[in-house]
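K.L.:
Input: one structure, supplied below.
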Amino acid sequence: MKVHVIGAGNVGGNIIRALAHANHTVTIGVRNPDKVSDLLTETGATVSQSAEGVDVVISTIPSAAAQDLLPTLGLAGKVVIDASNPLGWEGGPVHNPPEGFTSGAARLQALLPDAYVIKAFNTFGAEHSLITASAERPLDHLFAGDNAEAKATVSKLLSSLNMRPIDLGPLRNAATLEHLAVAWIHLAMPAGWGRGIQLAVLGG
């Protein structure tokens, strides 16, 4: 697939590496291309400020920044993965969605009415996107969205990264995924379990 990743920090950088490892064609949207020169050399990705012609857009920048930037990019008809979590920190992670919305993803969908927003890549640590590519057991990856065709595309993308896609239903359930992110962060950091933990779905 052709994938445009917005942001190349810890989350975006490892997603880009995982995508390149799986032989996807990757473009990166960043403000300062000089800061990602090593990543470009490592992965073969290129810098672009446009998402024209791509199959999937993955936003890895902070939730508030995504709400400002993405509506300016002309993403009508695009599958847009929201990988961010609107959080505060009060002795630990606290879900802090935009006023009037149950989740950051819901706010983003309202701002992008002609795009197909999918909540994904948000319930595990940044490094897991890369580690799971060679893991013996696929990473359970829950996602949510309203458009069946867009979700099928995302499911195919996740499978290519050695992740087990688990459809959590409509985009209203993005709030649940953002709360799961709170759970992961709390367990990994304040509770001291470490960043190696994963949330898994067993049985069935």
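K.L.:
Using the structure shown, select from K35/K156; K119/K156; K78/K151 the pairs with a Cα to Cα distance greater than 19 angstrom.
P.N.:
K35/K156
K.L.:
What nm value, rounded to one decimal, do you get for the distance between D114 and R31 when each label is placed 7 Å out toward the C-beta?
P.N.:
2.7 nm
K.L.:
Also, I was wondering about something else. If each residue's Cβ is checked for other Cβ atoms within 10 Å, how do R172, R31, R107 rank with the fewest at the top? Mind showing how you got there, number by number?
P.N.:
Values: R172 13, R31 9, R107 23.
In order of increasing Cβ crowding within 10 Å: R31, R172, R107.
K.L.:
Please build a GNM for the chain, connecting alpha carbons under 10 Å apart, and tell me which residue among G29, G12, G88 fluctuates the most.
P.N.:
Of G29, G12, G88, the Gaussian network model singles out G88 as fluctuating most.
K.L.:
Among I185, I81, I58, which one shows the biggest mean-square fluctuation in a GNM of the chain, springs joining Cα atoms closer than 10 Å?
P.N.:
Of I185, I81, I58, the most mobile in the Gaussian network model is I185.
K.L.:
I would also like to ask the following. Tell me the label only: which of [x] 23, 20, 18; [y] 28, 19, 17; [z] 28, 19, 14 is semi-axes √(5λ) of the Cα gyration tensor in Å as calculated from this structure?
P.N.:
Label [x] holds the value from this structure.
K.L.:
Can you compute the helix-only [θ] at 222 nm over the chain? Use -39500 (n - 2.57) per DSSP H run of at least 4 residues, normalise by all residues, nearest 500 deg cm²/dmol.
P.N.:
Helices in the chain give a 222 nm mean residue ellipticity of -9500 deg cm²/dmol.
K.L.:
Given R₀ = 25 Å, what would the calculated FRET efficiency be for Q49 paired with A22, taking r from the Cβ atoms and rounding to 0.05?
P.N.:
The pair Q49/A22 has a calculated efficiency of 0.55.
Where a number appears in this text, it was derived from the coordinates with a stated rule and is not lab data. Keep in mind that this is a model prediction, so the values were computed, not measured. Virtual Cβ from ideal backbone geometry, glycine too; neighbours counted across all protein chains shown.
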